[in-house]
1. For Phe202, indicate whether it is more than 19 Å from Leu262 (Cβ to Cβ), open to solvent by less than 40 Å² (accessible area, probe 1.4 Å) and of a type outside the set (Val, Ile, Thr).
2. Name the residues in region 164-178 that are more than 10 Å from the chain's Cα centre (by Cα) and open to solvent by less than 30 Å² (accessible area, probe 1.4 Å), would you?
3. Could you list, in sequence order, the residues of region 18-49 that are of a type in the set (D, E, K, R), loosely packed, with under 15 Cβ neighbours inside 10 Å and not in a loop (DSSP other than H, G, I, E, B)?
4. Take Leu219 and tell me if it is among the hydrophobic types (A, V, I, L, M, F, W, C), in a strand (DSSP E or B) and either open to solvent by 20 Å² or more (accessible area, probe 1.4 Å) or under 17 Å from Arg180 (Cα atoms) (or both).
5. Consider Gly255 carefully, then state whether it is at pLDDT 90 or above, touching a helix residue (DSSP H, G or I) at 6+ places or on another chain (Cβ under 8 Å) and in a strand (DSSP E or B).
6. Could you give me the residue pairs with C-beta distances under 9 Å whose first residue belongs to region 78-96 and is in contact (Cβ under 8 Å) with a residue 24 or more places away in the chain, whose second residue is of a type in the set (D, E, K, R) wherever it lies, and which are 6+ apart or on separate chains?
7. Of everything in region 59-89 that's under 18 Å from Glu18 (Cα atoms) and either touching a Lys or Arg at 6+ places or on another chain (Cβ under 9 Å) or loosely packed, with under 12 Cβ neighbours inside 10 Å (or both), which residue is modelled with the highest pLDDT?
8. Just one of Ser227, Ser207 is open to solvent by 70 Å² or more (accessible area, probe 1.4 Å) and among the polar types (S, T, N, Q); which is it?
Amino acid sequence: MAKLHCVSEKTLRLYQEEGLLEPSEIDPDTGYRYYSLDQSSQLDMITQLKAIGMSLKEISDILKHRDIRYFYSLVEKQAAAIDERIGQLQSARRAAERLLATCGSCLAKPALDEMRVEEIGPRRLMLFDIEPYLLAGGPEASQASKALNDWERRLRQVKRVFIDNDLPLSFFSNVGCIVRRSDLAARNFIVSGAFIFVDADFACPKSMRTEEVPGGRYLTVLCDGMSTAEGVYRESQYLAKLLDCAAARGYSVAGDYIGEVLAETPAFLYSGRDMMVRLQIPIILPKDA
């Protein structure tokens, strides 16, 4: 029987111990187990149920009940568990792709510190409410360590939302920040929200909210590292420069500031957090106004 079905004798003994497959005859002198060919279908079913992830106890219960409705309910439950596992693996795969992109950004950095107009397609954000805070007190404040600590505390708030809503922690990376349009107009750099980009088909929990960011022209700059040698927080410094550039070129600010984190470097620094951020402000060109 073992050779016929390509299983080990140890497996057949285990199936007997678990009450799954009893030998049709046991030699009293040698203890050798004999199985009939009729038992092949039962062994096939055990093998199939194991292949879809059922435990030996669940298979034993099915065989004991011998009830098609009970069998159906357990297989249906297992199918749902497989679907959940597939979703988890898909999330893990997307997280791995993001980590690969992070490494790619670190290995082959695009042009840094260069302000330019980019066409960016529509995107979807999942938003997190955080305690608002002033981004390093404005462009002149030499408070990089304070700003990074403020952001780190907000990230703890975001992580708590992940845990409370059973969101995959594989998504907890590259969390960006938002400064609303009204605060930009007043040059009051208050970070009032955090976000992660999600796919269009992402199943957002009902307690969470998403926001569609329209595609269009954005004035952008890529900043690698959030602190200057003098301790100035570069995000607020560059945000002020973006607004100065927009005013000088006659661009109108058309929406909220998005600080998109392209790469985080704790894996390379081993302590602390530094980031490569694409600062972006939606704009309207003079000819389009």
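1. yes
2. Start the filter on region 164-178 by keeping residues that are more than 10 Å from the chain's Cα centre (by Cα), which leaves 164-166, 175-178.
Across region 164-178, the qualifying residues are Val175, Gly176, Cys177, Ile178.
3. Narrowing region 18-49 to residues of a type in the set (D, E, K, R): 18, 22, 25, 27, 29, 33, 38, 44.
If we keep only those that are loosely packed, with under 15 Cβ neighbours inside 10 Å as well, we get 22, 25, 27, 29, 38, 44.
Selection gives Glu25, Asp38, Asp44.
4. Numbers: among the hydrophobic types (A, V, I, L, M, F, W, C): yes; in a strand (DSSP E or B): yes; either open to solvent by 20 Å² or more (accessible area, probe 1.4 Å) or under 17 Å from Arg180 (Cα atoms) (or both): yes.
Against the criterion (among the hydrophobic types (A, V, I, L, M, F, W, C), in a strand (DSSP E or B) and either open to solvent by 20 Å² or more (accessible area, probe 1.4 Å) or under 17 Å from Arg180 (Cα atoms) (or both)), Leu219 qualifies.
5. Details: at pLDDT 90 or above: yes; touching a helix residue (DSSP H, G or I) at 6+ places or on another chain (Cβ under 8 Å): yes; in a strand (DSSP E or B): no.
So Gly255 does not fit the description; no.
6. Gln78/Glu58; Arg94/Asp199
7. Among those that are under 18 Å from Glu18 (Cα atoms) and either touching a Lys or Arg at 6+ places or on another chain (Cβ under 9 Å) or loosely packed, with under 12 Cβ neighbours inside 10 Å (or both), it is Ile59.
8. Values: Ser227 fails: open to solvent by 70 Å² or more (accessible area, probe 1.4 Å).
Unique residue meeting the criteria: Ser207.
The values are calculated or read from the model by the stated rules, or taken from the named source; none is laboratory data. The model shown is predicted, which means the values in this text are computed figures rather than measured ones. Virtual Cβ from ideal backbone geometry, glycine too; neighbours counted across all protein chains shown. In case anyone asks, the SASA skips ligands and DNA or RNA and just uses the protein heavy atoms, side chains included. Shrake-Rupley method; radii C 1.70, N 1.55, O 1.52, S 1.80 Å.
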